[in-house]
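Below you'll find the structure, written out as structure tokens, and then a few comments.
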Amino acid sequence: MTQIKFGTDGWRGLIADDFTFDNVRRVAGAIASYLLKHEVAALGVGVIVGYDTRFLSDRVASAIAEVIAAAGIPVLLANDYVPTPAVSYNVKKLGAAGGVMVTSSHNPWNWNGVKFKAKFGGSATPAIMKSIEDELDDGAVPSGRPPTPSQKTRTSGASAKIPVAKIEEVDLKPAYVEAVSQFADLDLIRRANFKFAIDSMYGSGRGVLTKIFDAHGIRHVAIRQEVNPLFPGINPEPILPHVALLQETVVKEKCHAGLVTDGDADRIGAVAEDGSFVDSHKCFAVLLNWLLVYKKWPGDVVRAFNTSGMIDRIAAKHGRRLHETSIGFKYIADLMMDHEILIGGEESGGIGYGRFLPERDGILNALLLANVMAEEKKPLGQLVADLQREFGAHYYGRRDLHISDELKDSAIRRAGDPLTTTLGAYSILRKENRDGVKFFLDAPKHGNGADPWVLFRASGTERMLRCYVEAATPELVEEILENGERFVKHA
């Protein structure tokens, strides 16, 4: 039997290899069993199930719905491709026991996966994910609702006759579109008269931003809105080189910014008016600065371990407490449950707001970036340049190294070894190991630029190690990435 291991936001696998209907049903059974034990009060509403544009996602969603309904739990099944944050929003709005999203997010076309959203409308906490994994390891076969005192104890055997609950197809988009539209000032965006390029990367965000912009008279052009589960020529991840078409479109169409969401539309990327890529760290910094200067909303700031140090500097200037978490939005969502959090973000483009939903949301963040531009009356590239001048030059890079498990494990061991004191020409000033191993280097800072660092982090679900770097110049980022790759591959 295939071992199913959950990553930072659920389970992913290769279609027809480990991502099979049998394994999907096993995961659905574990989710149903968890809900029957821990979310009894919300089982009347049931579970929301959505899906993205990947190959067979709609059929996989139907299979999941059938397993959950067979356990006696009602299911609200999306009637169309839907952004992940729309599932999360409807979970909270309707008071559902949880949400299941069939997606592999930014992975290549031949992957698919299952995300689970908790009843609070966000990434399930580490404790919840551990409980579902335990159910999976135990081979859970859910038997239906917990018995009342007047009922005999039900078992998971053939003698347990559980009425199959109803599966109802619903449109999850209207309530979500209304909510994000109210969170941003769309009239202000319209009056600013900026022009935007919108890229859905063939993903399930298709048509959502265009519908909002059409309804409010906001100028825009749109690309890659059609359904194509092969994601031709790209992975649906809003980073270089996959945003090349958006960069070309922004320049050709004379747009003031390009806004791009990933395969399930919970992550954001952007392009400046000159066609240059604006990574998720800069998006996070622009949004944070705007919230603190213009909105002045209360709350702390959260960033993941692999996110830009510029966030620390902006938070410090405004006297806001900064929290650092392990990698994965579930850790940020967990913190949002116990603290007043203004904004939380991660390296992959996931950014969320405590006063909206403890969930990352690419559609919402696209609207808010447009909102910042309208409020400050500046195109996106100018906003980024302003922050670089005030808080120092920060540049970022990442390499995904596809290597064997043996080499991956060896690299992490060597990185953590106290005898490893240099990387390339630079001494290691200190190490941190919250999630992977991070070296802070004595490389040049160039005035008040970024403190240079490199992070080595092994994937828990793939034969891959990611190398993340931040420094004060693009050239230094590239040099450290090269040194990092050599370190990993030369045991």
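The values are calculated or read from the model by the stated rules, or taken from the named source; none is laboratory data. All of these numbers come straight from a predicted model, not from anything done at the bench. When we count neighbours, we look across all protein chains shown, and the Cβ atoms used for this are built from the backbone with ideal geometry, even at glycine. Remember, those area values only see protein heavy atoms, side chains included, never the ligands or the DNA or RNA. Shrake-Rupley method; radii C 1.70, N 1.55, O 1.52, S 1.80 Å.
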- Check Ser104: other-chain or 5+ apart residues with amide H under 5 Å from its amide H, H built from backbone geometry? Gly113
- Task: Any chance you could list P(r) for region 1-79, counting all Cα-Cα pairs in 10 angstrom bins from zero, rounded to whole %?
- Result: 17, 51, 29, 3
- Note on the structure: Sorted largest first, the C-alpha extents of region 224-319 along its principal axes in whole angstrom are 45, 28, 20
- Note on the structure: Where a ≥ b ≥ c are root eigenvalues of the Cα gyration tensor, a/c under 1.5 meaning rounded, otherwise prolate if a/b exceeds b/c and oblate otherwise, region 344-491 counts as oblate
- Roughly how much of Asp171 is accessible, in Å² to the nearest 10, using a 1.4 Å probe? 90 Å²
- Under 5 Å between amide H atoms, partner at least 5 residues away or on a different chain: which partners does Leu77 have, H built in plane at 1.01 Å? Val49, Glu168, Glu169, Val170
- Let me know the shape class of region 304-430, please: from the alpha-carbon gyration tensor, a ≥ b ≥ c as square roots of the eigenvalues, rounded when a/c is under 1.5, otherwise prolate if a/b is greater than b/c, or oblate. prolate
- Message: Could you work out the relative contact order of region 221-316? I mean the mean sequence separation of Cα pairs under 8 Å and 6+ apart, divided by the number of residues, in percent.
- Response: 19 percent
- Task: For region 374-430, just the Cα atoms, rotate onto the principal axes and tell me the three extents in Å, largest first.
- Result: 52, 27, 17
- For Phe55 and His216, calculate 0.36 nm times their separation in residues minus their Cα-Cα distance, and state this gained length in nm to one decimal. 54.7 nm
- Rounded to the nearest 10 Å², the 1.4 Å probe accessible area of Glu375 is 60 Å²
- Query: What spacing in nm lies between the two simple spin-label points modelled at Ser410 and Asn448, each 7 Å away from Cα in the Cβ direction?
  - Reply: 4.5 nm
- Item | Paramagnetic reach from Arg486 (point 7 Å along Cα→Cβ, amide N under 14 Å) across region 417-431 | 422-427
- Query: Using the per-residue mean of other Cβ atoms lying within 10 Å as a proxy for protection, in what order, highest first, do the peptides 434-444, 398-408, 101-111 fall?
  - Reply: 101-111, 434-444, 398-408
- Which semi-axis lengths, in whole Å and largest first, follow from the square roots of five times the eigenvalues of the Cα gyration tensor of the chain? 37, 28, 20
- Task: When a/c is below 1.5 the answer is rounded, else prolate if a/b is larger than b/c, else oblate, so apply that to region 313-378 with a ≥ b ≥ c taken from the square roots of the Cα gyration tensor eigenvalues.
- Result: oblate
- Residue by residue through region 223-237, the couplings from Karplus 6.51 cos²θ - 1.76 cosθ + 1.60 with θ = phi - 60°, in Hz, x for Gly and Pro, are 10, 6, 9, 6, 7, 8, x, 8, 6, x, x, 9, 9, x, 10
- Taking a 1.4 Å probe, which of Glu482, Glu475 shows the most accessible area, and what order do the others take after it? Glu475, Glu482
- Query: What are the radius of gyration and Dmax of region 14-134, computed over its Cα atoms and given in Å?
  - Reply: 13.0, 38
- Message: Suppose we look only past 16 Å in the calculated P(r) of region 419-480. What percent of the Cα-Cα pairs does that tail hold?
- Response: 46 percent
- Query: For region 274-315, what is the largest minus smallest coordinate of the Cα atoms on each principal axis, given in angstrom and ordered from greatest to least?
  - Reply: 34, 25, 13
- Query: Once both axes come from the Cα atoms, what is the angle between helix 126-137 and the longest principal axis of the chain, in degrees from 0 to 90, rounded to 10?
  - Reply: 50 degrees
- Message: To test your reading of the geometry: what angle, between 0 and 90 degrees and rounded to tens, separates the Cα axis of helix 84-94 from the longest principal axis of the chain?
- Response: 50 degrees
- Non-local amide H neighbours of Val221 (under 5 Å, H modeled in plane, Pro and chain starts lacking H): which ones? Phe196, Ala197, Ile198
- Message: Averaging the inverse of every distinct alpha carbon separation and then flipping it gives the Kirkwood radius. What is it for region 158-271, in angstrom units?
- Response: 15.7 Å
- Task: Please figure out what share of the DSSP beta bridges in the chain is antiparallel and state it in percent, rounded to the nearest 5.
- Result: 60 percent
- Note on the structure: A correct Karplus calculation of ³J(HN,Hα) over region 184-199, with 6.51 cos²θ - 1.76 cosθ + 1.60, θ = phi - 60°, whole Hz and x for Gly and Pro, returns 9, 9, 6, 5, 5, 4, 4, 5, 5, 6, 6, 10, 10, 9, 10, 10
